[in-house]
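Scroll down for the structure; my scribbles are underneath it.
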Amino acid sequence: MQFLKGHALEESKILKQSDYAIGSALRHRGFLKAQVVPRIQHQASRTPTNVVVLLVTIRAGLPYRIKDISFSGLASEFSAAELRNAIPLKAGDIADGNEIGLGLHNLLAIFIKNKKDYASIPEMTFDDAARTVSLTFNVVK
């Protein structure tokens with residue numbers, strides 16, 4: 001919250017940025033179902049400056065690891081190894097939301113390189129008992 005010093009309080013911006021930052025940090029650690037609810041509480045102050053408190057309710061849920069990764073749809077038009085190498089995760093790894101996002105970016109780069117107007121839609125199947133997630137990247141037009 002260091003960025004707040006010397007800046008005007010823009011509640012909507014603070015709420016949005018705190019939601020994004022905390023949610024991203026949790027998803028980076030495998031908490032893919034994490035829910036973050038920030039709110040601002042105004043405090044009475046005897047000084048000329050306003051005092052506010054940022055309250056954040058976090059429901060982290062379970063941390064997940066990768067069970068398996070597969071491809072479907074139009075994936076058969078590409079090398080299986082090339083698609084698999086685009087995803088920087090393997091079975092047993094923490095299900096890092098940032099790495100999943102990087103994998104989507106890498107897949108898009110493969111589609112562009114091959115002059116295909118395709119996209120990839122990630123589908124997640126959760127096994128809460130085992131704390132694992134299976135990822136299927138569905139390649140579509």
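The values are calculated or read from the model by the stated rules, or taken from the named source; none is laboratory data. This is a predicted model, so every value here is computed, not measured. So basically every Cβ, Gly included, is an ideal-geometry build from the backbone, and we count neighbours across all protein chains shown. Heavy atoms of the whole protein, side chains included, go into the accessibility calculation; ligands, DNA and RNA do not. Shrake-Rupley method; radii C 1.70, N 1.55, O 1.52, S 1.80 Å.
Details
- R0 of 35 Å, Cβ-Cβ distance residue 140-residue 41: FRET efficiency to nearest 0.05: 0.20
- Length available on full extension from residue 11 to residue 68: 0.36 nm per residue minus the Cα-Cα distance, which gives 16.4 nm.
- Listed residue pairs exceeding 32 Å between alpha carbons, taken from 90/115; 13/115; 67/141; 90/116: 13/115
- Within the chain, helix-based [θ] at 222 nm, where runs of 4 or more DSSP H residues each add -39,500 (n - 2.57), nearest 500: -9500 deg cm²/dmol
- Taken per residue, the accessible surface of the chain reaches 64 Å², heavy atoms only and a 1.4 Å probe.
- Folded to 0 to 90 degrees: helix 11-28 orientation relative to the chain principal axis, Cα: 40 degrees
- Pairwise FRET efficiency - residue 55 versus residue 129, Cβ, R0 = 30 Å, nearest 0.05: 0.35
- Among [x] 67, 39, 21; [y] 48, 32, 29; [z] 43, 41, 25, the entry that matches Cα extents along the principal axes in Å as calculated here: [x]
- Sequence-ordered 3J(HN,Hα) estimates for the stretch 90-105 from the Karplus curve with 6.51, -1.76 and 1.60 and θ = phi - 60° stand at 9, 3, x, 5, 4, 6, 6, x, 5, 5, 5, x, 4, x, 4, 4 Hz, glycine and proline given as x.
- Modelled FRET efficiency - R0 41 Å, residue 21 with residue 77, Cβ distances, 0.05 increments: 0.60
- Accessible-area composition of the stretch 19-141, carbon plus sulfur, in percent [1.4 Å probe]: 54 percent
- Euclidean distance between Cα centres, the stretch 62-97 to the stretch 114-141, Å: 8 Å
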